[in-house]
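Take a look at the structure below.
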């Protein structure tokens, strides 16, 4: 049983390099960032190998494609680190829920409003849910008035994304930061 010699595989993610570059000519940038000019891919690969680096395609959509003398492993590692740093800094927007009742007292309302202002200040969306029980369901106008009051109290830092609507026994409204 004989073993096959190692054959490099086409990179499935990341930039094309060395023999995987499929354009006949490339614009070459050396390891110091100097523009050498347009040359045949074979010739550019030989120059890169003489310096001990790989020929990496950094801009494949240009005409001709731009290739640079780089270490492929180091280039991929740096790109991965950059992507991880970008992912770490982005903030995902969550939906926080505040539940109320139609006959809420003033102090309880103030506490809920303080929470709504805090959530919106943090950049999150707020879903205000008004739950009706029993005979309260026949007095939908009270709930609508309460949600309009919430809308007015948050008007300076939030906009209404979903206007008040009934869903079963509850009335919903979604606020998002301006």
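Every read-out reported here was derived from the displayed coordinates using simple, explicitly stated rules and does not represent laboratory data. In this text the structure is predicted, and so the values were computed from the model without any measurement.
Assuming a viscosity of 0.692 mPa s and a temperature of 37 °C, what translational diffusion coefficient in µm² per second does Stokes-Einstein assign to region 18-87, Rh being the Kirkwood radius over Cα pairs? For the chosen part, D equals 265 µm²/s. Kirkwood radius and radius of gyration were both taken over the C-alpha atoms of region 95-177, and their ratio Rg/Rh is 0.95.
Counting only DSSP H runs of at least 4 residues, each contributing -39500 (n - 2.57), and dividing by the residue count of the chain, the helix-based mean residue ellipticity at 222 nm comes to -11000 deg cm²/dmol.
For region 18-87, DSSP calls about 75 percent of its internal beta bridges antiparallel.
At q = 0.09 Å⁻¹, what is the base-10 log of I(q)/I(0) for the chain according to the Debye formula with one equal point scatterer per Cα and no solvent? Please give it to two decimals. Evaluating at q = 0.09 Å⁻¹ gives log10 I(q)/I(0) of -0.58. Pairwise Cα separations in region 138-178 fall into 10 Å bins from 0 onward with the following percentages, short to long: 30, 52, 17, 1.
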